[in-house]
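Presented below is the structure to which this report refers.
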Amino acid sequence: MDPTKRPSIKPGQSVSIVLKRDQSSGRLTNGIVGEILTNSPHHPHGIKVRLTSGDVGRVKEIHLD
């Protein structure tokens, strides 16, 4: 599963994202995808999503449960 490709990410999936404020440190935030915000099929830095918690960031890891 490639976090830079939109078809790899579905609402309800468990992922790790990097928030804008954490980009310099690379700190990841875990959560469940609520909404996919990137419209293009690919983004080199990761697909932007909004988690169910309301946090917005780019997907860095997709968790396979």
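Pop out the carbon and sulfur fraction of the accessible area of the chain as a percent, whole number, probe 1.4 Å. That fraction is 50 percent.
Which residues among region 8-40 fall inside the zone where the amide N is under 16 Å from a point 7 Å beyond the Cα of LEU64, along Cα→Cβ? Residues 8-10, 13-16 fall inside that zone. Debye-formula intensities of the chain, expressed as log10 I(q)/I(0) at q = 0.29 Å⁻¹, are -1.38 (one equal scatterer per alpha-carbon, no solvent). Extending 7 Å from the Cα toward the beta-carbon at both SER8 and THR29 defines two label points whose distance is 2.1 nm. The length gained on full extension between LEU37 and SER53, counted as 0.36 nm times the residue separation minus their Cα-Cα distance, comes to 4.3 nm.
The values are calculated or read from the model by the stated rules, or taken from the named source; none is laboratory data. Bear in mind that the values here come from a model prediction, so they are computed numbers and not experimental data. Methodologically, a virtual Cβ is constructed for each residue, glycine included, from the backbone with ideal geometry; neighbour enumeration extends over all protein chains shown. Each accessible area value is taken on the protein alone, full model and side chains, heavy atoms only, with ligands, DNA and RNA left out. Shrake-Rupley method; radii C 1.70, N 1.55, O 1.52, S 1.80 Å.
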